[in-house]
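What follows is a short report on a single structure.
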Amino acid sequence: MRKTLILIFGVLILQLNSSCKSQYSVSELNNNFTTEQISDLKKITDFFKNQMCLNTNSDFKKCYKQIPHEYLEATGNGFWANINFEKQKELYDQISESTFNEIWLFCKSTEYKTGLETKSLCPNLVGKYQKYLSDIGNSNPRIAKYVEKINMSGDFYPMSIKSWYILNDKKNFDLEDPNIQLILIIHYLSLNDQEKRNEKWMVE
């Protein structure tokens, strides 16, 4: 009887530990964004899943791992290029202006060969999203390095987060963690915008 009780207790402890491991922190989101902005971030996440995984209920981890990242990078094509940019611009209209402005701003980019000044999407280095990234980086050295690169360059770059690290560093890139999912989604949507937006820079 005693052995049975000890066994049951041991199973309960294992289940409790497993349950704790499956829970992810939401404090960084709650500390940096309003309820409305968090709802907008979910819209952004759902949009990405619809575009890349064909379903908002898709398993993000499974979907991401099925993408042939190395092949696409070798050919110079990011998988985010499959995102419909017109629909992405519609997404911007579906979220509040405050949410957009806490993540991004538009900046002037000059083409090297032609000198043409174009409109480009850039990170808002003093926005709430950047603070959110820094908060995540306090316990995640990979994200801390990513934040450092953004702050140094003032821009998003395809190689700032390499797919090899994402797929092989399971500790810092837990693809089941909603925080990591959001960071990757914002990163890839930003790259898609930068690649496909074709507008002349106009002084407002």
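The values are calculated or read from the model by the stated rules, or taken from the named source; none is laboratory data. These figures come from a predicted structure and were not determined experimentally. Don't worry about glycine lacking a Cβ; one is built from the backbone with ideal geometry, like all the others, and counts go over all protein chains shown. What goes into the accessible areas is simple: the full protein's heavy atoms, side chains included, and nothing from ligands, DNA or RNA. Shrake-Rupley method; radii C 1.70, N 1.55, O 1.52, S 1.80 Å.
Calculate, in whole percent, how much of the Cα-Cα pair population of the stretch 132-204 lies beyond 16 Å.
Values: 1374 of 2628 pairs.
Roughly 52 percent, rounded to a whole number.
Expressed as a whole number of Å, what is the distance separating the alpha-carbon centroids of the stretch 179-204 and the stretch 130-158?
Taking the Cα centre of the stretch 179-204 as reference, the centre of the stretch 130-158 is 16 Å away.
Considering only protein heavy atoms, with the full assembly of protein chains and a 1.4 angstrom probe, order Glu97, Glu36, Glu117 by accessible area, largest first. Could you put the intermediate results ahead of the total?
Working: Glu97 140, Glu36 110, Glu117 80 Å².
From most exposed to least exposed: Glu97, Glu36, Glu117.
Which of the listed residues, Asn179, Phe106, Ala144, is farthest toward the dipole's positive end in the stretch 73-204, when Lys, Arg count +1 and Asp, Glu count -1 at the beta-carbon?
The residue sitting farthest along the positive end of the dipole is Ala144.
Report the charge-dipole magnitude of the chain in Debye, nearest 20, computed about the Cα centre from +1 at each Lys and Arg Cβ and -1 at each Asp and Glu Cβ.
Details: 25 positive and 25 negative charges, 177 e Å.
In debye, rounded to 20, the chain gives about 860.
Work out which helices of the chain, taken as complete DSSP H runs, extend at least 15 Å along their axis over the Cα atoms and score a mean Kyte-Doolittle of -0.5 or more, then list them. Please report the intermediate quantities before stating the final value.
On the way: long enough: 2-21 (29 Å, 1.00); 35-52 (26 Å, -0.81); 141-153 (18 Å, -0.47); 178-196 (27 Å, 0.07).
Taking the DSSP H segments of the chain (at least 15 Å long, mean hydropathy at least -0.5), we get 2-21, 141-153, 178-196.
When averaged across all projection directions, what area in nm² does the alpha-carbon convex hull of the chain cover? Mind dumping the intermediate values first?
On the way: hull surface 58.9 nm².
Average projection, Cα convex hull of the chain: 14.7 nm².
Tabulate in residue order the Karplus-calculated ³J(HN,Hα) for the stretch 160-166, using 6.51 cos²θ - 1.76 cosθ + 1.60 with θ = phi - 60°, rounded to whole Hz; enter x for Gly and Pro.
5, 10, 7, 4, 4, 5, 4
Of Lys145/Lys196; Lys131/Lys171; Lys65/Lys131; Lys42/Lys128; Lys43/Lys89; Lys108/Lys149, which sit over 24 Å apart, Cα to Cα? Could you put the intermediate results ahead of the total?
Values: Lys145/Lys196 27 Å; Lys131/Lys171 22 Å; Lys65/Lys131 28 Å; Lys42/Lys128 16 Å; Lys43/Lys89 13 Å; Lys108/Lys149 19 Å.
Over 24 Å apart, Cα to Cα: Lys145/Lys196; Lys65/Lys131.
Largest first, what is the accessible-area ranking of Leu54, Leu133, Leu105 with a 1.4 Å probe? Write out the running numbers ahead of the final one.
Values: Leu54 145, Leu133 0, Leu105 70 Å².
These residues rank, largest area first, as Leu54, Leu105, Leu133.
Please give the charge dipole size of the stretch 80-177, origin at the Cα centre, charges +1 on K and R Cβ atoms and -1 on D and E Cβ atoms. Round to the nearest 20 debye. Working shown, then result.
Values: 13 positive and 14 negative charges, 71 e Å.
Taking the Cα centre of the stretch 80-177 as origin, the dipole is about 340 debye.
May I ask you to list the aspartates and glutamates whose Cα is less than 15 Å away from that of Lys49, ignoring any residue fewer than eight positions away on the same chain?
Asp40, Asp59, Glu176, Asp177
Expressed as cubic angstrom per residue, what is the convex hull volume of the alpha carbon set of the stretch 84-166? Don't skip to the end; give the middle numbers.
Details: hull volume 11.3 nm³, N = 83.
Hull volume normalised by residue count: 137 Å³.
What accessible area per residue, rounded to a whole number of Å², is obtained for the stretch 104-182 using a probe radius of 1.4 Å? Could you put the intermediate results ahead of the total?
Working: 4360 Å² over 79 residues.
It amounts to 55 Å² per residue over the stretch 104-182.
Heavy-atom accessible area of Phe47 with all protein chains present, probe 1.4 Å, nearest 10 Å²?
So the heavy atoms of Phe47 present about 30 Å² to solvent.
Using only the Cα atoms, what convex hull volume per residue in Å³ does the stretch 33-119 have? The partial results should precede the final answer.
Details: hull volume 11.6 nm³, N = 87.
Each residue corresponds to 134 Å³ of Cα convex hull volume.
Got a sec? What order do Lys113, Lys162 fall in by accessible area at 1.4 Å, biggest, i.e. largest, first? Could you put the intermediate results ahead of the total?
Values: Lys113 190, Lys162 80 Å².
Order by accessible area, largest first: Lys113, Lys162.
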